[in-house]
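Peer 1: Handing you a structure now.
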Amino acid sequence: KQEVTQIPAALSVPEGENLVLNCSFTDSAIYNLQWFRQDPGKGLTSLLLIQSSQREQTSGRLNASLDKSSGRSTLYIAASQPGDSATYLCAVTPDRGSTLGRLYFGRGTQLTVWP
Amino acid sequence: GAVVSQHPSWVICKSGTSVKIECRSLDFQATTMFWYRQFPKQSLMLMATSNEGSKATYEQGVEKDKFLINHASLTLSTLTVTSAHPEDSSFYICSARDRGPGLGELFFGEGSRLTVL
């Protein structure tokens with residue numbers, strides 16, 4: 001069974017810092033990997049999606065990398081802002097059988113950026 | 001971008017009552033929708049996969065008679081929590097995938113917070 005782990009569980013930094021959030025998964029047979037943002041009591045906002053054949057994706061101050069063979073992904077946030085404060089979730093879509101389309105989530109990294 | 005709407009966004013009910021949560025894809029057709037549950041400080045866990053026009057597929061440990069899922073159209077899936085109890089209090093989120101080719105991106109609803117007294 002696929003297991004997704006995110007490190008650190010929580011992170012508190014001053015505004016302006018560059019951040020690295022880590023995600024690892026146990027089964028490298030994935031179709032894609034997504035990073036989401038979740039604000040307290042809210043649903044999910046998709047940030048970046050990386051297909052299994054890709055190495056990275058970028059959107060604004062966000063950059064996500066994927067090393068499928070080692071089961072790792074990294075979300076890099078440049079010049080962090082207080083508005084970036086949220087929980088960041090990593091999720092993978094398995095690439096086999098009847099589970100296509102479902103996601104396995106990590107527990108998330110709770111990020112606080114203070115002014 | 002694609003939009004998935006959930007209703008209600010929050011609900012409080014008495015123990016023993018049933019609660020229905022709706023998940024709608026507003027601007028695309030979804031043959032498959034997924035229902036997740038999230039307890040505080042925990043990750044989202046898949047409860048069931050809802051398939052339009054057929055029975056839902058439930059994950060191990062999820063009681064199909066307690067969590068009734070109906071996917072009667074390509075834009076609507078409903079989750080009914082029957083005879084709810086306090087331990088069912090959680091954040092329920094649905095997601096949907098466009099029925100176009102490939103797997104692509106999943107789109108999530110805003111979630112529904114259920115509190116059972």
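Peer 1: Of the residues that make up segment B:49-67, is at least one within 13 Å of chain A (Cβ to nearest Cβ), in a strand (DSSP E or B), over 17 Å from B:Val4 (Cβ atoms) and touching a strand residue (DSSP E or B) at 6+ places or on another chain (Cβ under 7 Å)?
Peer 2: Within segment B:49-67 (the criterion being within 13 Å of chain A (Cβ to nearest Cβ), in a strand (DSSP E or B), over 17 Å from B:Val4 (Cβ atoms) and touching a strand residue (DSSP E or B) at 6+ places or on another chain (Cβ under 7 Å)), the answer is yes, since at least one residue qualifies.
Peer 1: Within segment A:3-21, identify whether any single residue is more than 13 Å from chain B (Cβ to nearest Cβ) and more than 29 Å from A:Pro115 (Cα to Cα), and answer yes or no. Spell out how you get there, then give the answer.
Peer 2: Here is the first cut: in segment A:3-21, the ones more than 13 Å from chain B (Cβ to nearest Cβ) are A:7-8, A:11-21.
The next check asks that each one be more than 29 Å from A:Pro115 (Cα to Cα); those that pass are none.
Scanning segment A:3-21, I find no residue that is more than 13 Å from chain B (Cβ to nearest Cβ) and more than 29 Å from A:Pro115 (Cα to Cα), so the answer is no.
Peer 1: Going through segment A:23-39 one residue at a time, which ones are under 20 Å from A:Gly83 (Cα atoms) and not in a loop (DSSP other than H, G, I, E, B)? Steps first, please.
Peer 2: Filtering segment A:23-39 for residues under 20 Å from A:Gly83 (Cα atoms) gives A:35-39.
Result: A:Trp35, A:Phe36, A:Arg37, A:Gln38.
Peer 1: Listed residues A:Gln81, A:Gln110; which is more than 26 Å from B:Glu59 (Cα to Cα), within 10 Å of chain B (Cβ to nearest Cβ) and either within 12 Å of the chain's Cα centre (by Cα) or not charged (D, E, K, R) (or both)? Break it down stepwise before answering.
Peer 2: Values: A:Gln81 fails: within 10 Å of chain B (Cβ to nearest Cβ).
Just one listed residue meets the conditions, A:Gln110.
Peer 1: Considering only residues that are within 14 Å of chain B (Cβ to nearest Cβ) and aliphatic (A, V, I, L, M), look in segment A:41-78 and name the one that is farthest from the chain's Cα centre (by Cα). Full working, then the answer.
Peer 2: Our first condition is that a residue be within 14 Å of chain B (Cβ to nearest Cβ); within segment A:41-78, this holds for A:41-54, A:57, A:59, A:64.
Narrowing the set further to residues that are aliphatic (A, V, I, L, M) leaves A:44, A:47-50, A:64.
On the way: A:Leu44: 12, A:Leu47: 8, A:Leu48: 8, A:Leu49: 9, A:Ile50: 10, A:Ala64: 8 Å.
So the residue we want is A:Leu44.
Peer 1: Just name the residue that is nearest to the other protein chains (Cβ to nearest Cβ) out of those in segment B:95-104 that are over 12 Å from the mean Cα position of the chain (by Cα) and modelled with pLDDT of 65 or more.
Peer 2: The qualifying residue nearest to the other protein chains (Cβ to nearest Cβ) is B:Arg97.
Peer 1: Continuing with this model, one more query. Can you tell me which residue among B:Arg37, B:Arg24 is crowded, with 16+ Cβ neighbours inside 10 Å and under 12 Å from B:Tyr92 (Cβ atoms)?
Peer 2: Numbers: B:Arg24 fails: under 12 Å from B:Tyr92 (Cβ atoms).
Result of the check over B:Arg37, B:Arg24: B:Arg37.
Peer 1: Return yes or no: is A:Asp27 surrounded by fewer than 21 Cβ atoms within 10 Å (Cβ to Cβ) and within 10 Å of chain B (Cβ to nearest Cβ)? Quick ask: steps written out before the conclusion?
Peer 2: Details: surrounded by fewer than 21 Cβ atoms within 10 Å (Cβ to Cβ): yes; within 10 Å of chain B (Cβ to nearest Cβ): no.
It is false that A:Asp27 is surrounded by fewer than 21 Cβ atoms within 10 Å (Cβ to Cβ) and within 10 Å of chain B (Cβ to nearest Cβ).
Peer 1: Could you grab the pairs with beta carbons closer than 6 Å, sequence gap of 6+ or different chains, first residue in segment B:16-44 and small (Gly, Ala, Ser), second one modelled with pLDDT of 90 or more and crowded, with 16+ Cβ neighbours inside 10 Å?
Peer 2: Pairs that qualify, where the first residue is small (Gly, Ala, Ser) and the partner is modelled with pLDDT of 90 or more and crowded, with 16+ Cβ neighbours inside 10 Å, are B:Ser25/B:Val4; B:Ser25/B:Thr75; B:Ser43/A:Phe105; B:Ser43/A:Gly106; B:Ser43/A:Arg107.
The values are calculated or read from the model by the stated rules, or taken from the named source; none is laboratory data. Predicted model, so just to flag it, every value in this text is computed and none were measured. Note: ideal-geometry Cβ built from the backbone for every residue, glycine included; neighbour counts use all protein chains shown.
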